[in-house]
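Colleague: There's a structure below that I have some questions on.
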Amino acid sequence: MGIPKFNDIISLSNLEISEEIIKTEKTLFDLRFKKATRQPFKSHEIKNAKRKLAQLKTILTARLDTVEKKKSNTIVKLINKES
């Protein structure tokens with residue numbers, strides 16, 4: 001698992017991003033569990049997983065915010081038309 005690229009994440013759909021978030025959280029949990037039980041693991045993978053998780057959540061949040069703004073703008077336009 002290399003360092004995640006932000007441009008690779010942008011091309012994913014919202015559903016794929018959600019699935020990737022779940023997968024990355026599980027990977028991060030497994031890595032932390034290995035660390036706590038002193039099993040061999042590569043310590044840089046924790047940093048990479050945390051970074052990937054942050055990137056995924058950032059993209060998903062930004063997309064959901066734009067959807068919410070579009071919905072609220074539509075509602076405001078409908079209210080203004082009725083007035």
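Colleague: Quick check on segment 32-43. Is at least one of its residues in a helix (DSSP H, G or I) and in contact with a Lys or Arg (Cβ under 8 Å, 6 or more places away or on another chain)? Working first, answer last.
Modeller: Step one: filter segment 32-43 for residues in a helix (DSSP H, G or I), giving 32-36.
Pick out the ones that are also in contact with a Lys or Arg (Cβ under 8 Å, 6 or more places away or on another chain) and you get none.
The answer is no, given that none of the residues of segment 32-43 is in a helix (DSSP H, G or I) and in contact with a Lys or Arg (Cβ under 8 Å, 6 or more places away or on another chain).
Colleague: If you don't mind, another one. I'd like to verify a number: residues in segment 44-83 that are loosely packed, with under 13 Cβ neighbours inside 10 Å and among the charged types (D, E, K, R), how many?
Modeller: 9
Colleague: Taking segment 20-31 as the region of interest, how many residues are more than 23 Å from residue 6 (Cβ to Cβ) and loosely packed, with under 14 Cβ neighbours inside 10 Å?
Modeller: Total meeting the criteria: 1.
Here, each number is a calculation from the coordinates, and none is a lab measurement. No experiment lies behind these values; they were computed from the predicted model shown. Every residue, glycine among them, receives a Cβ derived from its backbone with ideal geometry; neighbour counts consider all protein chains shown.
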